[in-house]
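These notes are about the structure you will find just below.
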Amino acid sequence: MKNTQRYAAILLLFVVIFASCKKKKEKDTEETYVCTTCSQAPQGAAANDNSSKGIYKGVVIGSSGTIKFDIANASSNAITAVLVIDGVTVNLTTTYTWVAGGISTAPFTGTLNGQPVTINFSVGATGSGATVLSATIPGHPNAVFSLVKETSTTLARCYEGTFTTSANEKGTFNIIVSTLLKGWTGKSRKDGSSTTTDISGSYVNDKLYWGSGTNTEIATMTNDTFAGTFNDGSSNVTVKGKRTL
């Protein structure tokens, strides 16, 4: 009996040590994660900083992904976009030809799993107000987008993340962080819902804050990750994510 108890105690000790090491390894992996495919410097051409030309980056919810538009950034003939959704890459092209001024509608098309994809892009004459007017993505009927322009001095970093709450809710929490503007914006959606919430805040000294100012810290940024817990007034919310664009 004593031997059995001793073996059980030793086995339990190994289980605890293994679980602890696994948890520490996962934590270390998350904190040291770096997006090796992401640009570390702004890609927008200086000549396009105040134009509808340039680079636009964004996050997608429905399920989750990113999108990047190249509107004649380096060449007037190069107008393309790349959508990555649920890990699948869709290259998009358009018949639109850039002319000075804003873009009321530029239709981008491609193929996902053999089915047509259409995304209609719009932006103001100075590069402000970039938006996706409408989108048809097979298997993703309620996809929504959040976009920002990347200038020659402002790197836009896109993160795909999740949230969980003490009220047993969970969902997607995708954001874009702008290094120079010291802010972040994005979309969140509770699992099982078709309703999306606009989210935004400030970004100071590797900290993400809810809304304007620095009153409510929601997460800390480490390398290409963010993680944190805050109270939204009704429950504790834990968020985390990784940069993918």
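Quick note: the coordinates plus some simple rules give every number you see, no bench work behind them. Not measured: the values here are computed from a predicted model. As a convention, Cβ positions derive from the backbone with ideal geometry for all residues, glycine included, and neighbour counts pool all protein chains shown.
A few remarks follow.
- Counting Lys and Arg as +1 and Asp and Glu as -1 over every other residue whose Cβ lies under 14 Å from the Cβ of residue 211, the net charge comes to -1.
- The chain: most fluctuating residue of 104, 122, 134 per GNM, C-alpha cutoff 10 Å: 104
- Crossing angle, helix 2-32 versus the chain [Cα axis fit, 0-90 degrees, rounded to tens]: 20
- Size of the chain: Rg and Dmax of its alpha carbons, in Å, are 21.4, 86.
- Local electrostatic count at residue 82 - Lys and Arg +1, Asp and Glu -1, tallied over other residues with Cβ under 12 Å: +1
- Local net charge near residue 43, Cβ-Cβ under 13 Å (Lys/Arg +1, Asp/Glu -1): +2
- Gyration tensor over the Cα atoms of region 152-245: the corresponding equivalent ellipsoid has semi-axes (square roots of 5 times the eigenvalues, largest first) of 21, 15, 12 Å.
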